[in-house]
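I have placed the structure first, in the form of structure tokens, so that the comments after it can refer back to it.
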Amino acid sequence: MSARFDYSTAPPAYVWLNGKLVPWAEATVPVTAMGASGGLAVFEGVKAYWNPAEEQLYIVRLDAHLKRLYDSMKIVRMVPSYRPEELAAAALDMLRANQIREDTYLRPVAFYDGVKLPSFRYTVGAAPDICLSAMAFHTHLLQHKAKACAVSSWTRLSDNQSPPRVKVMSNYQNNRLAFTEAFVDGYDDAILLDERGKVTEATGACLFMVRDGVVVTPSISHGILESVTRDTVIRLCRDVLGLTVQEREVDRTELYVCEEVFLSGTGEEVTAVTSVDRLPVADGQPGPVFLAVERLYHDLVRGLDRRYPEWRTPVYEPTS
Ligand SMILES: Cc1ncc(COP(=O)(O)O)c(C=O)c1O
């Protein structure tokens, strides 16, 4: 059994909290707020990759992540006090204040602090607190990372219970139950089915398979987070690799007989799935579509491949 991500535990010197850069140690939440705010937080996970030759830090698809943060807030009826452009500028300020020059995970969180009366009534239409923080991470891109996955006995949440397209903290107990079950059973990750038995996604990433040469992924109304990286991978497969991509229902047993399975997500980056329920996927090695996507994704997010400049927000002024 291995840890999923090798994040550094060092906190940033500064976080951005409600309009100000605040030293990390001073950005605290009252202890009485924690219980009340536990589930009442929506968030994003965004990555920024360091390009040593350019001495540049590129934030990957910041606009798309902020769009999803605002969509999440709208669905849970939070009314933010800041516009997306202000949070984009705040993200740059925070990364610059920390003088970050390494691969970094950026986490915007909008939450109710719960200091006021912990009643739902007081949260309806109220402005959340917003915090932007960052921590270093170690990429596994180009290492052909592979996972053994189990199909979970837990069922994925559905839109009318607790909508998976909202990136709300409380949804993640569903993912955690599935992950924990798989992990204690000796797998690296779990794949969740919906209440109709159709494949949704893994516990922190979307799922792709290659079947008869076609790239297939569950559609956005099949119990998945509307993933930014999924969109990136679809566009790379279609537009750069010239492959056919279908967004459709996927059966569990299709995962047993297809040519490739792989996962994609901001935290996950791209990871091959080389077995499902202990059945090898094809020959049990990362496949050619995965390897091509991994190379493209690595080169694009780090700014080595100059295509799709709109996907990269540079943090620093160019040095030349
Ligand atoms: C449950 C879940 N699905 C999919 C993803 C991938 O989303 P994105 O590519 O926007 O990071 C994530 C987050 O990374 C997630 O938590």
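The values are calculated or read from the model by the stated rules, or taken from the named source; none is laboratory data. Model, not experiment: these values are computed from the prediction. Ideal geometry is used to build each Cβ from the backbone, glycine not excepted, and the neighbour counts take in all protein chains shown. What goes into the accessible areas is simple: the full protein's heavy atoms, side chains included, and nothing from ligands, DNA or RNA. Shrake-Rupley method; radii C 1.70, N 1.55, O 1.52, S 1.80 Å.
Values computed for the structure shown
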item: Filtered residue count, region 156-174, keeping only those that are within 11 Å of the ligand (Cβ to nearest atom), open to solvent by 10 Å² or more (accessible area, probe 1.4 Å) and without any contact (Cβ under 8 Å) to a residue 60 or more places away in the chain; result: 2
item: Residues that are modelled with pLDDT of 95 or more, open to solvent by less than 10 Å² (accessible area, probe 1.4 Å) and β-branched (Val, Ile, Thr), drawn from region 17-71; result: Val46, Ile59
item: Test for Leu95: is it away from the ligand (no atom under 16 Å from the Cβ) and in a strand (DSSP E or B); result: no
item: Boolean, Arg248 is within 15 Å of the ligand (Cβ to nearest atom) and either surrounded by fewer than 18 Cβ atoms within 10 Å (Cβ to Cβ) or hydroxyl-bearing (Ser, Thr, Tyr) (or both); result: no
item: Answer residue from region 204-229, given it is open to solvent by less than 10 Å² (accessible area, probe 1.4 Å) and out of contact with any Gly (no Cβ under 7 Å at 6 or more places or on another chain) and is nearest to the ligand (Cβ to nearest atom) among those; result: Ile224
item: Members of region 175-193 that are within 27 Å of Thr244 (Cβ to Cβ) and within 13 Å of the ligand (Cβ to nearest atom); result: Asp189, Ile191, Leu192
item: Qualifying residue in region 128-148 (condition: surrounded by 15 or more Cβ atoms within 10 Å (Cβ to Cβ), within 18 Å of Ile191 (Cα to Cα) and over 19 Å from the mean Cα position of the chain (by Cα)); result: yes
